[in-house]
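Data block below; observations after.
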Amino acid sequence: MDLGLQGRRAAVAAASAGLGLAAASALAGEGAHVAICGRHRERVEAAAAGAGLVPLVADVSTPEGAAGFVREARERLGGLDILVANAGGPPAGNFASFTDPAAYQAAFDLNCLSTIAMCIEAVPAMREQRWGRIVAITSIAVRQPIANLILSNTARAGVTAFLKTLAGEVAADGVTVNTLQPGYHETDRIRELHGGDTSGLAALVPARTLGRSEDFGAIAAFLCSDQARYVTGTSVLVDGGAYTGLI
């Protein structure tokens with residue numbers, strides 16, 4: 001299927017590895033011109049070289065860094081049609097672990113305000129050109145909070161509400177806004193959260209396997225496609241059936 005992405009210009013945040021890189025690679029594979037960012041120059045340049053991407057050094061853990069990435073990507077690409085908002089996860093822990101509100105502020109900056117800042121920078125031009133795609137990578141935790149991830153659960157729920165609201169405001173301008181909610185995938189983040197041992201996680205998933213990054217990337221690319229023009233304000237689970245709720 002031709003997704004209609006040939007020549008489209010995309011910025012994918014926090015994409016030197018993992019699901020971000022998978023999304024960037026899938027978009028590039030469909031003919032899009034893609035800029036990615038990471039905090040470490042050597043790492044992001046190595047990732048970009050392997051997939052024909054434009055590497056940018058940026059730290060999206062702050063609203064300023066996130067907005068700066070979008071501005072630089074737009075300058076390097078000559079415009080912007082697609083934004084894949086993404087960031088790393090905050091530290092693990094429960095309510096008793098974080099007694100300083102500053103921990104929540106840092107998580108909110110990382111997993112909520114960073115995406116808001118990227119949208120503020122990207123959306124006006126998309127509305128003006130009457131075509132745009134926003135896809136944010138969040139987590140299954142938005143629907144089903146994950147134990148010992150109170151910071152991530154809280155911040156990602158907030159950004160999901162923002163994106164749902166934004167979707168309704170810009171739909172008539174040809175801009176779609178959706179979120180992808182990954183479950184367990186073979187990524188550095190999942191290995192870190194489980195002490196490097198993910199051997200038992202597949203048993204928690206009805207599909208009996210962890211997700212592959214390239215499969216996730218393909219779904220991200222579809223949401224950016226012409227064919228997905230009527231899909232907006234939606235949160236798509238990519239979790240092998242792990243979420244058990246009805247809605």
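The values are calculated or read from the model by the stated rules, or taken from the named source; none is laboratory data. Bear in mind that the values here come from a model prediction, so they are computed numbers and not experimental data. Cβ atoms come from the backbone with ideal geometry, glycine included; neighbour counts cover every protein chain shown.
List every residue pair whose Cβ atoms sit under 9 Å apart, with the two residues 6 or more apart in sequence or on different chains, where the first one lies in segment 128-156 and is more than 19 Å from VAL236 (Cβ to Cβ) and the second, anywhere, is surrounded by fewer than 19 Cβ atoms within 10 Å (Cβ to Cβ) and among the hydroxyl-bearing types (Ser, Thr, Tyr).
Correct list of pairs: ASN148/SER97; ILE150/SER97; ILE150/TYR104; LEU151/SER97; LEU151/TYR104; THR154/TYR104; ALA155/TYR104.
Give the number of residues within segment 127-148 that are of a type in the set (Phe, Trp, Tyr) and under 18 Å from the mean Cα position of the chain (by Cα).
We begin by selecting, within segment 127-148, every residue of a type in the set (Phe, Trp, Tyr); these are 131.
Filter once more, so that each one left must be under 18 Å from the mean Cα position of the chain (by Cα): none.
Qualifying residue count for the region: 0.
When you check ALA14 against the structure, is it at positive phi and outside any strand (DSSP E or B), yes or no?
Values: at positive phi: yes; outside any strand (DSSP E or B): yes.
So ALA14 fits the description; yes.
Residue by residue, here is whether (1) in contact with a strand residue (DSSP E or B) (Cβ under 6 Å, 6 or more places away or on another chain); (2) surrounded by fewer than 14 Cβ atoms within 10 Å (Cβ to Cβ) holds:
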site: THR176; (1), (2): yes, no
site: GLU192; (1), (2): no, yes
site: PHE222; (1), (2): no, no
site: SER225; (1), (2): no, no
site: VAL236; (1), (2): yes, no
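On the basis of being over 15 Å from the mean Cα position of the chain (by Cα) and more than 26 Å from ALA32 (Cα to Cα), does GLU192 make the cut?
Answer is yes for this residue.
What pairs can you find where one residue is in segment 43-59 and over 17 Å from ALA23 (Cβ atoms), the other is charged (D, E, K, R), and their Cβ atoms are less than 9 Å apart, with a gap of 6+ or different chains?
VAL57/ARG39; VAL57/ARG41; VAL57/GLU45; ASP59/ARG39
Of a type outside the set (Val, Ile, Thr), more than 15 Å from the chain's Cα centre (by Cα) and not in a helix (DSSP H, G or I): which single residue out of LEU80, LEU166, LEU151 fits that description? Before the answer, list the steps.
Details: LEU166 fails: not in a helix (DSSP H, G or I); LEU151 fails: not in a helix (DSSP H, G or I).
Within the list LEU80, LEU166, LEU151, the selection yields LEU80.
Scan segment 65-86 for residues that are surrounded by fewer than 24 Cβ atoms within 10 Å (Cβ to Cβ), of a type in the set (A, V, I, L, M, F, W, C) and under 15 Å from ALA14 (Cβ atoms) and jot them down.
Matches in segment 65-86: ALA67 only.
Looking at (1) touching a Gly at 6+ places or on another chain (Cβ under 9 Å); (2) surrounded by 24 or more Cβ atoms within 10 Å (Cβ to Cβ), can you tell me which one THR115 breaks?
So THR115 meets the others, but not (1).
Given the criteria surrounded by 12 or more Cβ atoms within 10 Å (Cβ to Cβ), out of contact with any strand residue (DSSP E or B) (no Cβ under 7 Å at 6 or more places or on another chain), touching a residue at least 60 places away in the same chain (Cβ under 8 Å) and on the phi < 0 side of the Ramachandran plot, does SER213 qualify?
no
I'd like to verify a number: residues in segment 28-44 that are within 23 Å of LEU110 (Cβ to Cβ) and either part of a strand (DSSP E or B) or in contact with a strand residue (DSSP E or B) (Cβ under 8 Å, 6 or more places away or on another chain) (or both), how many?
Adding up the residues that qualify gives 9.
Taking segment 45-57 only, how many residues are outside any helix (DSSP H, G or I) and either modelled with pLDDT of 95 or more or charged (D, E, K, R) (or both)?
Looking only at segment 45-57, we keep the residues that are outside any helix (DSSP H, G or I), and these are 52-57.
Cutting the leftovers down to either modelled with pLDDT of 95 or more or charged (D, E, K, R) (or both) gives us 53-57.
Residues flagged as outside any helix (DSSP H, G or I) and either modelled with pLDDT of 95 or more or charged (D, E, K, R) (or both) within segment 45-57 amount to 5.
If the requirement is being crowded, with 22+ Cβ neighbours inside 10 Å, touching a Ser or Thr at 6+ places or on another chain (Cβ under 8 Å) and under 15 Å from ALA14 (Cβ atoms), which of these qualifies: ARG156, ARG133?
ARG156
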